Amino acid sequence: MAGAVSLTLLLGLLIALTPLGTDSWQPILPALAADLGASVREAQLTVTAFFAGLAVGQLAWGPLSDRFGRKPVLAAGLALGFAASLACLAARSPEEVAAARLVMGLGLSTGPVVGRAIVRDLYSHERAAGLLARMVVVFSVVPIAAPLAGGALLIAAGWRGVLWLYLAMCAFLLAACAKSLRETAPEPRAAVGLATLARRFGEIASEPRFLAPYGAQLLSQLGIFAFVSNSAFTLVRGLGVPAGAYSAMFATVMLGQIAGAWLSSRLVERLGLVRLLRAGTSIVALGGVAGAALAWAGVAHWLAVVLPFMVYMFGTALILPNATAAALSPFPRSAGAASSLMGASQFAAGALVSTALGFAFDGSARPMASTAALAGIGALIVERKFVRGPR
């Protein structure tokens, strides 16, 4: 039992590297912009660059972990994230920060892609969904703690203070993976050329058992990306919320994800992952539409943002572990490549959403909430039309 708990904690922290790099960064964006003389769009570019690094990195790390093993690839990525954090400390312009954040995203992306692959190495279907849901509980603590830590470090050490948090986390995970994580990649591990890799990605992307659940998951995550990338400017600049209060509001929204992940971990083996996926898509559609309706009705109050997105996050926590398990289960020998394809497309979409919302920001919650509404409705449609299984 102790070993299972420690594995869950370690894998949960690995997949949480991406929200650590985004959610702790959000509270410092206004201070970064003021210190470096950057516009909202230039500050937003540091978020977009991180998403772009995550997308490119996840496309590479998965196949590399299929070939060379999970542990060496994790070590390489975490070391790269450590080095990029040091470079970001020395940056003196928004362009230099964005470049360092791009490399940071490349390195930290190894955590979620290899973490998902390890789950598939060990389990499939409902058992995999159960472990993933427990990992999401751990994962969801980071989006609550990260903005609070980011706000506290901002007060204590300025916007660069958060970079010391990244350095500490990379060093801790490097030591923990070296000591506690066993190699799980299946043997034999054949060399993979670019042509073979492209063919493998094509086979994965054309598999209906992958496309249907992952399509619903990807669409639901667009609403998460909208909130993560745009909520600081919406609430602080648009609605006049103090920076310290924003951190608490962000953490409150993430309580919805913790509650949903805990419920999913308790119910998945009883109800099955397909039923939970259906419930999750219904809830994200409800939360997204409610947020957009309030925004377009002109309700300029922080509760009109926080409550609908809390509901939205609850729904995504029912979708993410169950859709991931369903999408990865057909690929026992190429879990790394399948995980890479998922991660790369997610964060490529995240980079596009972040960029678009940077241009669309008008001081209100309308662009962010409308994105979540369209994403939730899209996830619901895909699940209803394409996901197959017992109802």
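The values are calculated or read from the model by the stated rules, or taken from the named source; none is laboratory data. Nothing here was measured: the structure is a model prediction, and the numbers come from that model. Glycine also receives a Cβ, built like all others from the backbone with ideal geometry; neighbour counts cover every protein chain displayed. Calculation scope for accessible area: heavy atoms of the full protein, side chains included, ligands and nucleic acids excluded. Shrake-Rupley method; radii C 1.70, N 1.55, O 1.52, S 1.80 Å.
Table for the structure above
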quantity: Around residue 95: net Lys/Arg minus Asp/Glu count, Cβ-Cβ under 15 Å; calculated: 0
quantity: Low-density loop positions, trypsin sites (Lys or Arg not before Pro), segment 35-109 - DSSP coil, at most 10 other Cβ in 10 Å; calculated: 92
quantity: Segment 198-258-segment 1-36 distance, computed between alpha-carbon centres (Å); calculated: 14
quantity: Identified option (computed semi-axes √(5λ) of the Cα gyration tensor in Å; candidates (1) 30, 26, 18; (2) 38, 24, 19; (3) 34, 24, 19); calculated: (1)
quantity: Helix-derived mean residue ellipticity, 222 nm - over the chain, DSSP H n ≥ 4, -39500 (n - 2.57), to 500; calculated: -28500 deg cm²/dmol
quantity: Within the accessible area of the chain (1.4 Å probe), percent carbon and sulfur; calculated: 70
quantity: Extended-chain gain in nm, criterion 0.36 nm per residue less alpha-carbon gap, residue 352 and residue 35; calculated: 111.5 nm
quantity: Residue 35 accessible area, assembled protein chains, probe 1.4 Å, Å²; calculated: 90
quantity: For peptides 246-258, 283-295, sequence by mean Cβ density within 10 Å, most packed first; calculated: 283-295, 246-258
quantity: Nearest-10 value in Å² for the accessible area of residue 134, using the 1.4 Å probe; calculated: 100
quantity: Protection-proxy order for peptides 307-316, 266-275, each taking the mean of Cβ atoms within 10 Å per residue, highest first; calculated: 307-316, 266-275
quantity: Packing-based order for 6-18, 322-334, using average beta carbon neighbours within 10 Å, highest first; calculated: 322-334, 6-18
quantity: Accessible heavy-atom area order of 164, 25, highest first, probe of 1.4 Å; calculated: 164, 25
quantity: Helix runs (DSSP H) in the chain reaching 30 Å along axis by Cα, Kyte-Doolittle at least 1.6; calculated: 303-328
quantity: Spin-label pair residue 122/residue 269, simplified geometry with 7 Å Cα→Cβ offset, distance in nm; calculated: 1.4
quantity: Label zone at residue 183 (point 7 Å along Cα-to-Cβ), backbone N below 14 Å, segment 65-103; calculated: 65-75
quantity: Full-stretch length increase - residue 297, residue 90 - with 0.36 nm per residue and alpha-carbon distance subtracted; calculated: 70.0 nm
quantity: Relative contact order (percent, whole number), segment 53-179, Cα cutoff 8 Å, 6+ residue spacing; calculated: 34
